[in-house]
Amino acid sequence: MSGNDWAEVVGAVGIFAFITTVIAVIIVQVATTLRAKAALAREDEYRKLAERAVQLQEATEQRLAAIDDQLGQTQSRLASIERVLKQVE
C-alpha cells in the first residue's frame, strides 16, 4: 500500500469514529432529556396526588367535626331524657 492509500484508510476510520461519536452523544442526550421529562411528569403526578390527599383530609376533618357536633347534641338530648325519666319515677 502506498502512502496515499494509508491516508485514505486513516481518513475513513477517522470519519467513521467521528460519526459514531456524534451518534452516541445524540443518543445519550435524547435519553437524558426523556428521563428528565419522565421525572417532571412523575413529580407533577405526585404533586396532584398530594393536593388531592390534603383536600380529602380537610373534607374528612369537616365531616368529623359535624359528626362530633351531632354526637354532642345527641348526648345532651339523652341526658335531658334521662332527667325526665328520673323525675317520672
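Just checking, does the range 5-16 include any residue being loosely packed, with under 10 Cβ neighbours inside 10 Å and modelled with pLDDT under 95? Yes, some residue in the range 5-16 is loosely packed, with under 10 Cβ neighbours inside 10 Å and modelled with pLDDT under 95.
State which residue is most open to solvent (accessible area, probe 1.4 Å) when the search covers only the range 46-89 and only residues that are under 46 Å from the mean Cα position of the chain (by Cα) and among the β-branched types (Val, Ile, Thr). Reasoning before the result, please.
Here is the first cut: in the range 46-89, the residues under 46 Å from the mean Cα position of the chain (by Cα) are 46-75.
Then keep just the ones that are among the β-branched types (Val, Ile, Thr); that gives 54, 60, 67, 74.
Numbers: Val54: 81, Thr60: 60, Ile67: 97, Thr74: 80 Å².
Checking each candidate, the answer is Ile67.
The values are calculated or read from the model by the stated rules, or taken from the named source; none is laboratory data. What you are looking at is a predicted structure, and each value in this text was computed from that prediction instead of being measured. All Cβ positions, glycine included, derive from the backbone under ideal geometry; neighbour counts span all protein chains shown. Each accessible area value is taken on the protein alone, full model and side chains, heavy atoms only, with ligands, DNA and RNA left out. Shrake-Rupley method; radii C 1.70, N 1.55, O 1.52, S 1.80 Å.
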